[in-house]
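See structure below.
The values are calculated or read from the model by the stated rules, or taken from the named source; none is laboratory data. Remember, it's a predicted structure, so these values are computed and weren't measured experimentally. Backbone-built Cβ (ideal geometry, glycine too); neighbour counts: all protein chains shown.
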Amino acid sequence: MPITARLATAVPLAAIALFGPLSGTALPATVPSTASLYAPSALVLTVAHGDSAASAAPDRAVTLTCAPRPSGTHPDAARACAELAAAGGDFDQVTIAEDTEGTVCTHKYDPVTVTAQGVWRGERVTYERTFANECVKNAGSGAVFEF
């Protein structure tokens, strides 16, 4: 085959290989990610034995994401997110249980500190509360710190 015939065949094939076919489906363009319709709500929750978060290493820690849907490592993310939403993100309202009637805890002082850090509906939050003992924490903290 003469050189001109080879070039006449090779050039269009090289163009197709480089620029893709001129007909048929085109590759989809990369769509830039758009901002979420939901304000972010992502928290790290901890439970530690001690008088304060500064002096005690966390015994347990979980993540809790509430928007766009409840998720994370929290064992009951849906219920915890619902409690936080009902309290308007006020952790003091969540940790004061209304249904503690009938709960009997000892007066033994063995402090348990809970913390929450992260973002709730787009606002930065830092929360810390110390309970007298694990029983008092469980009686007054709802689902948010039940893990």
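At a glance:
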item	result
Those residues of segment 91-117 which are modelled with pLDDT under 85 and either in contact with a strand residue (DSSP E or B) (Cβ under 8 Å, 6 or more places away or on another chain) or among the charged types (D, E, K, R) (or both), in sequence order	Thr95, Glu98, Asp99, Glu101
Where Ser52 falls short, out of the listed (1) touching a residue at least 24 places away in the same chain (Cβ under 8 Å); (2) surrounded by fewer than 20 Cβ atoms within 10 Å (Cβ to Cβ); (3) out of contact with any Gly (no Cβ under 7 Å at 6 or more places or on another chain); (4) assigned to a strand (DSSP E or B)	(4)
Boolean, Pro32 is under 26 Å from the mean Cα position of the chain (by Cα) and at pLDDT 80 or above	no
Check on Val11, at pLDDT below 90, in a loop (DSSP other than H, G, I, E, B) and more than 21 Å from the chain's Cα centre (by Cα)	no
Any hit, segment 66-80, residues being touching a Cys at 6+ places or on another chain (Cβ under 8 Å), over 15 Å from Val144 (Cα atoms), among the hydrophobic types (A, V, I, L, M, F, W, C) and at pLDDT below 90	no
Options Ala143, Ala116, Ala139; residue that is in a helix (DSSP H, G or I) and out of contact with any Gly (no Cβ under 8 Å at 6 or more places or on another chain)	Ala139
